[in-house]
Amino acid sequence: MRVDAERVQLAPMFWITLAAAFLLTGQNLLDPMIRHDDYPAFFGDAPVFWNKTLHEGRWLNYIWHLREVVTPAWLNFALYQSLWAGFVAALAVTTIGPDASRWFTVVLALLVLVCPSEMLISLWFNTLIPGLAVVTLFAVLACYLSSAQLRRLLPLFVIVSFMAYTTYPLLLLAVCIARTRDRSVRDLAGLLVLFCASFVAAVLTVYTLNWQVHGVFGVPVADWREPTAGHGLGGMIANFPKLGESLMLFLNRTGIGYPPLIGFIPFMYILALNVLRKRAPLEALYLGAGLAIGLSLVMVQALKLGVIVPPRAFIFFWVFFAMTTVRAVQLLSDEEGLSGRLGRNALLLIIGVWFIQLFLAYGQANAWRSDTKTWAQEVQATEGPVYIFGDPSKIASGVKAGIQSYKALPSRLKQLTGKTAVACVEAPKDCPTRPEVVASGAEVHLLREDDALLMVFTPKPPKDAED
(Lines give C-alpha, C1' and ligand atoms only; values in the text may rest on other atoms or scores of the structure.)
Protein backbone atom coordinates (compact mmCIF):
# COMPACT_ATOMS: atom_id res chain seq x y z
CA MET A 1 0.00 0.00 0.00
CA ARG A 2 1.07 3.58 -0.67
CA VAL A 3 0.70 4.63 2.98
CA ASP A 4 2.88 1.73 4.13
CA ALA A 5 5.62 2.75 1.71
CA GLU A 6 5.50 6.32 2.97
CA ARG A 7 5.90 5.11 6.56
CA VAL A 8 9.03 3.20 5.52
CA GLN A 9 10.49 6.30 3.83
CA LEU A 10 9.76 8.67 6.72
CA ALA A 11 12.40 7.45 9.20
CA PRO A 12 15.45 7.66 6.88
CA MET A 13 14.24 10.99 5.50
CA PHE A 14 13.94 12.35 9.02
CA TRP A 15 17.52 11.44 9.89
CA ILE A 16 18.83 12.93 6.64
CA THR A 17 16.88 16.14 7.23
CA LEU A 18 17.87 16.34 10.90
CA ALA A 19 21.57 15.97 10.04
CA ALA A 20 21.22 18.76 7.46
CA ALA A 21 19.35 20.95 9.97
CA PHE A 22 22.04 20.52 12.62
CA LEU A 23 24.73 21.29 10.04
CA LEU A 24 22.85 24.38 8.87
CA THR A 25 22.40 25.70 12.41
CA GLY A 26 25.79 24.48 13.67
CA GLN A 27 26.96 27.92 14.80
CA ASN A 28 23.80 28.34 16.85
CA LEU A 29 23.44 24.88 18.40
CA LEU A 30 25.52 24.95 21.57
CA ASP A 31 24.64 28.50 22.63
CA PRO A 32 21.57 29.50 20.61
CA MET A 33 20.63 33.11 20.03
CA ILE A 34 17.44 34.02 21.93
CA ARG A 35 15.29 37.05 21.10
CA HIS A 36 14.45 39.27 24.06
CA ASP A 37 10.74 38.39 24.00
CA ASP A 38 11.52 34.68 23.77
CA TYR A 39 13.21 34.64 27.18
CA PRO A 40 9.91 34.37 29.11
CA ALA A 41 9.39 31.00 27.41
CA PHE A 42 12.95 29.97 28.25
CA PHE A 43 12.52 30.87 31.92
CA GLY A 44 8.89 29.67 32.07
CA ASP A 45 7.79 33.15 33.10
CA ALA A 46 4.06 33.07 32.31
CA PRO A 47 3.15 36.47 33.85
CA VAL A 48 5.51 38.29 31.49
CA PHE A 49 3.97 36.52 28.48
CA TRP A 50 0.37 36.99 29.63
CA ASN A 51 -0.13 40.18 27.63
CA LYS A 52 0.38 38.28 24.37
CA THR A 53 -2.72 36.20 24.98
CA LEU A 54 -4.71 39.41 24.56
CA HIS A 55 -2.74 41.15 21.81
CA GLU A 56 -1.70 38.10 19.77
CA GLY A 57 -3.99 35.28 20.87
CA ARG A 58 -1.06 33.00 21.80
CA TRP A 59 -2.99 30.79 24.22
CA LEU A 60 -1.16 27.57 23.40
CA ASN A 61 2.18 29.28 23.97
CA TYR A 62 0.92 30.64 27.29
CA ILE A 63 0.10 27.13 28.50
CA TRP A 64 3.66 26.16 27.56
CA HIS A 65 4.95 29.00 29.76
CA LEU A 66 3.19 27.47 32.76
CA ARG A 67 5.58 24.51 32.89
CA GLU A 68 7.83 24.50 35.92
CA VAL A 69 10.83 22.74 34.36
CA VAL A 70 13.48 24.99 32.81
CA THR A 71 15.66 23.14 30.31
CA PRO A 72 18.94 24.35 28.74
CA ALA A 73 18.66 26.58 25.69
CA TRP A 74 20.73 24.21 23.54
CA LEU A 75 18.32 21.37 24.34
CA ASN A 76 15.28 23.51 23.47
CA PHE A 77 16.87 24.60 20.18
CA ALA A 78 17.80 21.01 19.32
CA LEU A 79 14.21 19.96 20.04
CA TYR A 80 12.87 22.78 17.88
CA GLN A 81 15.16 21.80 14.99
CA SER A 82 14.16 18.15 15.39
CA LEU A 83 10.49 19.12 15.13
CA TRP A 84 11.18 21.25 12.06
CA ALA A 85 13.13 18.38 10.49
CA GLY A 86 10.21 16.06 11.24
CA PHE A 87 7.75 18.37 9.52
CA VAL A 88 10.02 18.85 6.50
CA ALA A 89 10.69 15.12 6.11
CA ALA A 90 7.01 14.18 6.41
CA LEU A 91 5.96 16.88 3.94
CA ALA A 92 8.58 15.77 1.42
CA VAL A 93 7.60 12.10 1.67
CA THR A 94 3.90 12.94 1.36
CA THR A 95 4.42 15.30 -1.60
CA ILE A 96 6.70 13.13 -3.74
CA GLY A 97 5.20 9.78 -2.81
CA PRO A 98 6.86 6.36 -2.57
CA ASP A 99 6.92 5.53 -6.27
CA ALA A 100 9.14 8.39 -7.48
CA SER A 101 12.90 8.72 -7.31
CA ARG A 102 14.17 9.19 -3.76
CA TRP A 103 16.35 12.01 -5.14
CA PHE A 104 13.36 14.35 -5.43
CA THR A 105 12.20 13.56 -1.90
CA VAL A 106 15.62 14.49 -0.51
CA VAL A 107 15.82 17.62 -2.65
CA LEU A 108 12.37 18.81 -1.59
CA ALA A 109 13.27 18.27 2.06
CA LEU A 110 16.52 20.23 1.70
CA LEU A 111 14.80 23.01 -0.25
CA VAL A 112 12.14 23.48 2.44
CA LEU A 113 14.87 23.28 5.09
CA VAL A 114 16.68 26.37 3.76
CA CYS A 115 13.60 28.56 4.16
CA PRO A 116 14.83 32.09 5.08
CA SER A 117 11.61 32.91 6.96
CA GLU A 118 12.04 29.82 9.12
CA MET A 119 15.58 30.88 9.96
CA LEU A 120 14.24 34.21 11.20
CA ILE A 121 11.47 32.73 13.31
CA SER A 122 13.69 29.99 14.74
CA LEU A 123 15.23 32.58 17.08
CA TRP A 124 11.93 32.39 19.02
CA PHE A 125 12.37 28.63 19.39
CA ASN A 126 11.56 28.49 23.10
CA THR A 127 8.12 29.99 22.52
CA LEU A 128 7.26 28.07 19.35
CA ILE A 129 8.09 24.52 20.42
CA PRO A 130 4.46 23.50 21.21
CA GLY A 131 3.05 25.06 18.04
CA LEU A 132 5.64 23.44 15.80
CA ALA A 133 5.01 20.14 17.59
CA VAL A 134 1.34 20.35 16.58
CA VAL A 135 2.23 21.12 12.95
CA THR A 136 4.80 18.31 12.83
CA LEU A 137 2.37 15.80 14.34
CA PHE A 138 -0.15 16.63 11.61
CA ALA A 139 2.49 16.19 8.89
CA VAL A 140 3.59 12.83 10.33
CA LEU A 141 -0.03 11.65 10.54
CA ALA A 142 -0.30 12.37 6.82
CA CYS A 143 2.10 9.47 6.26
CA TYR A 144 -0.21 7.13 8.17
CA LEU A 145 -3.74 8.31 7.36
CA SER A 146 -5.79 8.66 4.23
CA SER A 147 -6.64 12.09 2.87
CA ALA A 148 -10.21 11.81 4.18
CA GLN A 149 -9.05 10.85 7.68
CA LEU A 150 -6.51 13.68 7.71
CA ARG A 151 -9.13 16.25 6.75
CA ARG A 152 -11.35 15.18 9.61
CA LEU A 153 -8.55 16.21 11.94
CA LEU A 154 -7.88 19.51 10.15
CA PRO A 155 -10.30 21.74 12.13
CA LEU A 156 -8.86 20.70 15.49
CA PHE A 157 -5.25 21.15 14.37
CA VAL A 158 -6.00 24.53 12.77
CA ILE A 159 -7.58 25.84 15.97
CA VAL A 160 -4.70 24.67 18.17
CA SER A 161 -1.88 25.75 15.84
CA PHE A 162 -3.46 29.17 15.32
CA MET A 163 -3.07 29.77 19.06
CA ALA A 164 0.69 29.31 18.61
CA TYR A 165 1.36 31.36 15.45
CA THR A 166 -1.06 32.94 12.99
CA THR A 167 0.33 31.43 9.78
CA TYR A 168 1.00 27.90 11.12
CA PRO A 169 -2.42 26.68 9.88
CA LEU A 170 -1.23 27.36 6.32
CA LEU A 171 1.41 24.66 6.77
CA LEU A 172 -1.41 22.26 7.64
CA LEU A 173 -3.15 23.24 4.41
CA ALA A 174 0.05 22.47 2.49
CA VAL A 175 0.14 19.01 4.08
CA CYS A 176 -3.49 18.35 3.11
CA ILE A 177 -2.78 19.40 -0.47
CA ALA A 178 0.28 17.15 -0.59
CA ARG A 179 -1.75 14.22 0.75
CA THR A 180 -4.52 14.59 -1.83
CA ARG A 181 -4.21 12.04 -4.66
CA ASP A 182 -7.67 12.06 -6.27
CA ARG A 183 -7.81 15.69 -7.33
CA SER A 184 -10.76 17.55 -8.79
CA VAL A 185 -12.12 21.08 -8.78
CA ARG A 186 -14.94 19.95 -6.53
CA ASP A 187 -12.54 18.33 -4.07
CA LEU A 188 -10.36 21.46 -4.01
CA ALA A 189 -13.40 23.63 -3.32
CA GLY A 190 -14.36 21.35 -0.45
CA LEU A 191 -10.86 21.47 1.02
CA LEU A 192 -10.68 25.26 0.83
CA VAL A 193 -14.13 25.63 2.40
CA LEU A 194 -13.09 23.25 5.19
CA PHE A 195 -9.84 25.14 5.79
CA CYS A 196 -11.46 28.59 5.75
CA ALA A 197 -14.22 27.43 8.09
CA SER A 198 -11.58 25.95 10.41
CA PHE A 199 -9.60 29.18 10.32
CA VAL A 200 -12.70 31.22 11.16
CA ALA A 201 -13.42 28.80 14.01
CA ALA A 202 -9.85 29.31 15.27
CA VAL A 203 -10.27 33.09 15.22
CA LEU A 204 -13.62 32.89 17.02
CA THR A 205 -12.12 30.52 19.61
CA VAL A 206 -9.38 33.02 20.42
CA TYR A 207 -11.89 35.90 20.44
CA THR A 208 -14.08 33.96 22.86
CA LEU A 209 -11.17 33.15 25.15
CA ASN A 210 -10.15 36.80 25.22
CA TRP A 211 -13.73 37.82 25.94
CA GLN A 212 -14.04 35.37 28.83
CA VAL A 213 -10.61 36.17 30.33
CA HIS A 214 -9.79 39.74 29.30
CA GLY A 215 -13.28 41.09 28.68
CA VAL A 216 -12.43 41.91 25.04
CA PHE A 217 -14.05 40.07 22.13
CA GLY A 218 -11.18 40.24 19.68
CA VAL A 219 -7.41 40.54 19.48
CA PRO A 220 -6.51 44.23 19.80
CA VAL A 221 -3.19 44.89 18.08
CA ALA A 222 -0.44 46.04 20.45
CA ASP A 223 0.50 49.72 20.19
CA TRP A 224 4.17 48.95 19.47
CA ARG A 225 3.12 47.56 16.08
CA GLU A 226 1.70 51.00 15.21
CA PRO A 227 -1.59 49.72 13.76
CA THR A 228 -3.71 51.92 11.51
CA ALA A 229 -6.95 49.97 11.27
CA GLY A 230 -8.51 50.17 7.83
CA HIS A 231 -12.15 51.15 8.37
CA GLY A 232 -13.97 50.88 5.09
CA LEU A 233 -12.53 50.89 1.59
CA GLY A 234 -10.78 54.22 2.08
CA GLY A 235 -8.95 53.02 5.17
CA MET A 236 -7.81 49.86 3.45
CA ILE A 237 -6.54 51.80 0.46
CA ALA A 238 -4.61 54.05 2.83
CA ASN A 239 -2.87 50.95 4.19
CA PHE A 240 -1.56 49.83 0.79
CA PRO A 241 1.93 51.20 1.60
CA LYS A 242 2.09 48.80 4.56
CA LEU A 243 1.21 45.89 2.31
CA GLY A 244 3.89 47.01 -0.13
CA GLU A 245 6.45 47.34 2.65
CA SER A 246 5.55 43.89 3.99
CA LEU A 247 6.08 42.31 0.57
CA MET A 248 9.33 44.19 -0.06
CA LEU A 249 10.75 43.20 3.33
CA PHE A 250 9.81 39.60 2.62
CA LEU A 251 11.33 39.59 -0.88
CA ASN A 252 14.49 41.24 0.41
CA ARG A 253 14.87 38.59 3.11
CA THR A 254 14.03 35.79 0.70
CA GLY A 255 16.67 37.11 -1.69
CA ILE A 256 19.10 37.41 1.27
CA GLY A 257 19.46 41.11 0.58
CA TYR A 258 21.16 40.55 -2.80
CA PRO A 259 19.29 42.36 -5.63
CA PRO A 260 19.80 39.71 -8.36
CA LEU A 261 18.34 37.06 -6.05
CA ILE A 262 15.36 39.09 -4.85
CA GLY A 263 13.41 38.41 -8.04
CA PHE A 264 14.90 34.96 -8.65
CA ILE A 265 12.62 32.98 -6.32
CA PRO A 266 9.35 34.58 -7.60
CA PHE A 267 10.60 34.02 -11.17
CA MET A 268 11.33 30.35 -10.47
CA TYR A 269 7.92 29.95 -8.85
CA ILE A 270 6.06 31.44 -11.82
CA LEU A 271 8.09 29.30 -14.22
CA ALA A 272 7.40 26.14 -12.20
CA LEU A 273 3.70 26.89 -11.83
CA ASN A 274 3.46 27.30 -15.61
CA VAL A 275 5.11 23.90 -16.11
CA LEU A 276 2.63 22.31 -13.69
CA ARG A 277 -0.25 24.12 -15.39
CA LYS A 278 0.61 22.38 -18.64
CA ARG A 279 1.57 18.93 -17.32
CA ALA A 280 -0.54 18.58 -14.15
CA PRO A 281 -3.18 21.34 -14.24
CA LEU A 282 -5.16 20.15 -11.22
CA GLU A 283 -2.03 19.91 -9.07
CA ALA A 284 -1.06 23.42 -10.17
CA LEU A 285 -4.53 24.62 -9.19
CA TYR A 286 -4.27 23.04 -5.72
CA LEU A 287 -0.82 24.49 -5.01
CA GLY A 288 -1.68 27.89 -6.45
CA ALA A 289 -4.86 28.06 -4.41
CA GLY A 290 -2.97 27.20 -1.23
CA LEU A 291 -0.50 30.01 -1.79
CA ALA A 292 -3.31 32.41 -2.70
CA ILE A 293 -5.04 31.68 0.62
CA GLY A 294 -1.82 32.51 2.47
CA LEU A 295 -1.23 35.73 0.59
CA SER A 296 -4.85 36.72 1.19
CA LEU A 297 -4.27 36.35 4.92
CA VAL A 298 -1.24 38.64 4.65
CA MET A 299 -3.31 41.18 2.73
CA VAL A 300 -6.01 41.16 5.42
CA GLN A 301 -3.44 41.77 8.15
CA ALA A 302 -1.77 44.60 6.25
CA LEU A 303 -4.85 46.33 4.83
CA LYS A 304 -7.49 45.70 7.51
CA LEU A 305 -5.34 45.77 10.66
CA GLY A 306 -2.85 48.24 9.24
CA VAL A 307 0.30 46.44 10.39
CA ILE A 308 3.52 45.45 8.66
CA VAL A 309 3.66 41.68 8.36
CA PRO A 310 7.21 40.52 9.24
CA PRO A 311 9.16 38.30 6.81
CA ARG A 312 9.18 35.45 9.32
CA ALA A 313 5.42 35.04 8.84
CA PHE A 314 5.93 33.99 5.20
CA ILE A 315 7.11 30.43 5.87
CA PHE A 316 4.08 29.22 3.93
CA PHE A 317 5.28 30.96 0.76
CA TRP A 318 8.58 29.08 0.74
CA VAL A 319 6.82 25.78 1.46
CA PHE A 320 4.43 26.19 -1.48
CA PHE A 321 7.29 27.47 -3.65
CA ALA A 322 9.38 24.39 -2.85
CA MET A 323 6.51 21.96 -3.45
CA THR A 324 5.63 23.61 -6.76
CA THR A 325 9.19 23.87 -8.04
CA VAL A 326 10.30 20.36 -7.16
CA ARG A 327 7.14 18.79 -8.57
CA ALA A 328 7.60 20.78 -11.81
CA VAL A 329 11.20 19.61 -12.17
CA GLN A 330 10.14 16.06 -11.34
CA LEU A 331 7.63 16.12 -14.21
CA LEU A 332 10.21 17.64 -16.56
CA SER A 333 12.61 14.86 -15.61
CA ASP A 334 10.17 12.16 -16.75
CA GLU A 335 11.66 12.76 -20.18
CA GLU A 336 15.37 12.94 -20.85
CA GLY A 337 16.18 16.43 -22.02
CA LEU A 338 17.74 19.78 -21.34
CA SER A 339 14.76 21.15 -19.36
CA GLY A 340 14.94 18.44 -16.73
CA ARG A 341 18.71 18.79 -16.31
CA LEU A 342 18.47 22.57 -16.01
CA GLY A 343 15.67 22.24 -13.48
CA ARG A 344 17.59 19.76 -11.32
CA ASN A 345 20.69 21.96 -11.43
CA ALA A 346 18.64 25.03 -10.51
CA LEU A 347 17.25 23.23 -7.44
CA LEU A 348 20.73 22.23 -6.30
CA LEU A 349 21.94 25.79 -6.89
CA ILE A 350 19.18 27.27 -4.72
CA ILE A 351 19.81 24.75 -1.95
CA GLY A 352 23.57 25.37 -2.03
CA VAL A 353 23.45 29.16 -2.10
CA TRP A 354 20.73 29.52 0.54
CA PHE A 355 22.32 26.87 2.76
CA ILE A 356 25.59 28.80 2.84
CA GLN A 357 23.88 32.14 3.41
CA LEU A 358 21.70 30.86 6.26
CA PHE A 359 24.67 29.10 7.86
CA LEU A 360 26.52 32.43 7.85
CA ALA A 361 23.42 34.24 9.15
CA TYR A 362 23.29 31.98 12.19
CA GLY A 363 26.86 33.07 12.92
CA GLN A 364 26.09 36.79 12.99
CA ALA A 365 25.50 36.59 16.74
CA ASN A 366 28.93 35.11 17.49
CA ALA A 367 30.42 38.44 18.62
CA TRP A 368 27.39 39.09 20.85
CA ARG A 369 27.75 35.64 22.40
CA SER A 370 31.43 36.25 23.08
CA ASP A 371 30.87 39.74 24.52
CA THR A 372 28.03 38.67 26.81
CA LYS A 373 30.01 35.71 28.13
CA THR A 374 32.86 38.09 29.01
CA TRP A 375 30.47 40.43 30.81
CA ALA A 376 28.86 37.48 32.55
CA GLN A 377 32.20 36.63 34.17
CA GLU A 378 32.28 40.14 35.66
CA VAL A 379 28.68 39.81 36.81
CA GLN A 380 29.42 36.45 38.37
CA ALA A 381 32.29 37.98 40.36
CA THR A 382 30.01 40.78 41.65
CA GLU A 383 28.39 40.36 45.05
CA GLY A 384 26.19 43.45 44.81
CA PRO A 385 23.69 44.71 42.24
CA VAL A 386 24.38 45.11 38.50
CA TYR A 387 23.23 48.25 36.69
CA ILE A 388 23.06 48.71 32.91
CA PHE A 389 23.26 52.24 31.50
CA GLY A 390 22.62 52.97 27.82
CA ASP A 391 21.36 50.66 25.10
CA PRO A 392 23.53 47.55 24.56
CA SER A 393 21.56 46.65 21.42
CA LYS A 394 23.19 49.60 19.63
CA ILE A 395 26.83 48.56 20.06
CA ALA A 396 28.59 46.87 17.13
CA SER A 397 28.07 43.27 18.24
CA GLY A 398 24.43 43.99 19.13
CA VAL A 399 23.70 45.54 15.75
CA LYS A 400 25.35 42.67 13.88
CA ALA A 401 23.34 40.13 15.89
CA GLY A 402 20.12 42.03 15.21
CA ILE A 403 19.39 42.61 18.90
CA GLN A 404 15.97 44.27 19.00
CA SER A 405 15.79 45.70 22.51
CA TYR A 406 17.84 46.76 25.49
CA LYS A 407 15.92 44.06 27.38
CA ALA A 408 17.99 41.38 25.69
CA LEU A 409 21.09 41.92 27.85
CA PRO A 410 19.50 41.58 31.33
CA SER A 411 17.83 38.37 30.18
CA ARG A 412 21.04 37.07 28.63
CA LEU A 413 22.99 37.78 31.83
CA LYS A 414 20.30 36.02 33.87
CA GLN A 415 20.59 33.03 31.53
CA LEU A 416 24.37 32.89 31.97
CA THR A 417 24.67 33.77 35.66
CA GLY A 418 21.25 33.44 37.29
CA LYS A 419 21.57 37.04 38.51
CA THR A 420 19.17 39.89 37.78
CA ALA A 421 20.61 43.07 36.25
CA VAL A 422 18.73 46.38 36.34
CA ALA A 423 18.20 48.16 33.01
CA CYS A 424 18.35 51.81 34.01
CA VAL A 425 16.53 52.87 30.84
CA GLU A 426 13.50 51.02 32.19
CA ALA A 427 13.90 51.68 35.93
CA PRO A 428 15.91 54.88 36.42
CA LYS A 429 14.70 55.31 40.03
CA ASP A 430 16.30 52.00 40.98
CA CYS A 431 19.70 53.06 39.66
CA PRO A 432 22.47 55.32 40.94
CA THR A 433 23.57 58.38 39.00
CA ARG A 434 25.04 57.45 35.65
CA PRO A 435 28.83 57.64 35.96
CA GLU A 436 30.94 59.75 33.63
CA VAL A 437 33.20 57.71 31.40
CA VAL A 438 36.40 58.80 29.68
CA ALA A 439 35.85 59.51 26.01
CA SER A 440 37.45 56.73 23.98
CA GLY A 441 36.74 54.33 21.17
CA ALA A 442 35.29 51.78 23.59
CA GLU A 443 31.55 51.13 23.47
CA VAL A 444 31.42 49.23 26.77
CA HIS A 445 32.69 50.44 30.15
CA LEU A 446 32.60 48.18 33.20
CA LEU A 447 32.98 50.14 36.42
CA ARG A 448 32.79 49.13 40.07
CA GLU A 449 31.26 51.24 42.80
CA ASP A 450 31.48 49.63 46.23
CA ASP A 451 30.11 46.12 45.67
CA ALA A 452 28.05 47.08 42.59
CA LEU A 453 28.90 46.63 38.90
CA LEU A 454 28.00 49.49 36.56
CA MET A 455 27.86 48.61 32.87
CA VAL A 456 27.88 51.75 30.74
CA PHE A 457 27.20 51.46 27.00
CA THR A 458 28.23 54.28 24.67
CA PRO A 459 27.42 53.05 21.15
CA LYS A 460 29.20 54.69 18.26
CA PRO A 461 26.91 56.64 15.93
CA PRO A 462 25.87 54.85 12.76
CA LYS A 463 28.06 55.51 9.73
CA ASP A 464 25.23 57.15 7.84
CA ALA A 465 24.77 59.57 10.75
CA GLU A 466 28.43 60.54 10.50
CA ASP A 467 28.26 61.29 6.78
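The values are calculated or read from the model by the stated rules, or taken from the named source; none is laboratory data. Because the structure is a prediction, the values reported are computed rather than measured. Heads up, the Cβs are rebuilt from the backbone with ideal geometry, glycines too, and the neighbour counts pull from every protein chain shown.
Is it the case that PHE195 is farther than 19 Å from VAL309 by Cβ, modelled with pLDDT of 90 or more and within 24 Å of the chain's Cα centre (by Cα)?
yes
Can you confirm whether GLU436 is charged (D, E, K, R) and either crowded, with 18+ Cβ neighbours inside 10 Å or in the same structural domain as ALA41 (by TED's automatic domain parsing) (or both)?
No.
Residues to consider are ASP4, ASP37; find the one that is closer than 21 Å to MET163 by Cα, assigned to a helix (DSSP H, G or I) and modelled with pLDDT under 95.
It is ASP37.
Go through (1) under 30 Å from ALA109 (Cβ atoms); (2) within 20 Å of the chain's Cα centre (by Cα); (3) modelled with pLDDT under 95 for TRP318 and report which single condition fails.
The failed condition is (3).
Tell me the residue from ALA289, ALA346, ALA302, ALA313 that is in contact (Cβ under 8 Å) with a residue 40 or more places away in the chain and more than 30 Å from VAL221 (Cα to Cα), please.
Exactly one residue qualifies, and that residue is ALA346.
If you take just the helices (runs of 4 or more DSSP H) that sit entirely in the range 375-467, which of them hold at least 1 residues that are touching a residue at least 24 places away in the same chain (Cβ under 8 Å) and closer than 25 Å to VAL48 by Cα?
Because the criterion is at least 1 residues that are touching a residue at least 24 places away in the same chain (Cβ under 8 Å) and closer than 25 Å to VAL48 by Cα, the helices (runs of 4 or more DSSP H) in the range 375-467 that meet it are 396-401, 408-417.
Kindly list, by first and then second residue, each pair from a residue in the range 266-285 that is among the small types (Gly, Ala, Ser) to a residue that is in a helix (DSSP H, G or I), limited to pairs with Cβ atoms under 6 Å and residues at least 6 apart or on different chains.
ALA272/THR324; ALA272/THR325; ALA272/ALA328; ALA284/LEU273; ALA284/LEU276; ALA284/ARG277
Across the range 48-58, what is the number of residues that are surrounded by fewer than 18 Cβ atoms within 10 Å (Cβ to Cβ) and of a type in the set (S, T, N, Q)?
1
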